[in-house]
Amino acid sequence: PALRDLVLTARPRQWAKNVLVFGAPATGSVLFQTDALVATLAAFVSFCLAASGVYFVNDLVDREGDKEHPRKRLRPIAAGRILPNVAIATGSGLMAAGLAVGVVGAGWGLGAVVAGYIALTLSYAFWLRNVALFDITAIAGGFLLRAVAGGVAVGVPLSMWFLMVASFGSLFIAAGKRHAKKSTIARSVRDRLA
């Protein structure tokens, strides 16, 4: 059960977001070259580890509010099945592992992008999500950094068109996430009042 709780908190189902790292290598026609494929896979694994580490910190920060939520109260940290010191140690270890995989697998450039992602998402967990415009921008920035990471990992120059498409796509996804969250909250309030 303890291992299951750790895996649940790491949210492996969210790793699908990290396929964005394959975008630049694919559009640059280098994805199936051996070195590029290895570097891209390192970027993918790096972001999976880093994102999972951030989820531990995020759930720790949110644990009091999550206890009042009908579904989130069942999360292992909110339910008290993962202690705060274990959450901090596991989250820190996963983020450090993500950085290490990025640097070893594709160099310091990818390590810098992963570090920027960790800094952005931790800022979001502690502060940015409480500021309306920064909230959606930070979410979009997380998606954009994934797309940029693939290009940096394999050394493919990122064209203005690629960056524009990735930026607008990231904003679209972030806006959709926020809309879905607000709809869920509105529905929950409506159900309680009915």
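The values are calculated or read from the model by the stated rules, or taken from the named source; none is laboratory data. Fair warning: this is a prediction, and the values are worked out from it, not measured in the lab. Quick reminder, even Gly has a Cβ in these numbers, built from the backbone with ideal geometry, and neighbours come from all protein chains shown. For accessibility, only protein heavy atoms count, side chains too; no ligands or nucleic acids. Shrake-Rupley method; radii C 1.70, N 1.55, O 1.52, S 1.80 Å.
Rounded to the nearest 10 degrees, the angle from helix 132-154 to the longest Cα principal axis of the chain is 30 degrees. Share of carbon and sulfur in the accessible area of the range 73-146 stands at 74%, probe radius 1.4 Å. Note the listed values (1) 33; (2) 43; (3) 51, then indicate which one is percent of Cα pairs over 24 Å apart calculated from this particular structure. Read-out from the structure maps to (2).
I need to check one value: relative contact order of the chain, counting alpha carbon pairs closer than 8 Å and at least 6 residues apart, in percent.
On the way: 241 pairs, mean separation 50.4, N = 194.
Over the chain, the number comes to 26 percent.
Ranked highest first by the average count of other Cβ atoms within 10 Å around their residues, in what order do 117-126, 5-14, 52-61 fall?
For the peptides 117-126, 5-14, 52-61, the packing ranking is 52-61, 117-126, 5-14.
Amide H contacts for Ile77 (H built 1.01 Å from N in the peptide plane; partners 5 or more residues away or on another chain; cut-off under 5 Å): Ile82. Rolling a 1.4 Å probe over the heavy atoms of the protein chains gives the chain an accessible area of 55 Å² per residue.
Between Ala180, Ala26, Ala106, the GNM of the chain built on Cα springs shorter than 10 angstrom shows Ala180 fluctuating the most. Taking Cβ atoms as reference points and 11 Å as the exclusive limit, the residues near Ser170 contribute a net charge of +3, counting Lys and Arg as +1 and Asp and Glu as -1.
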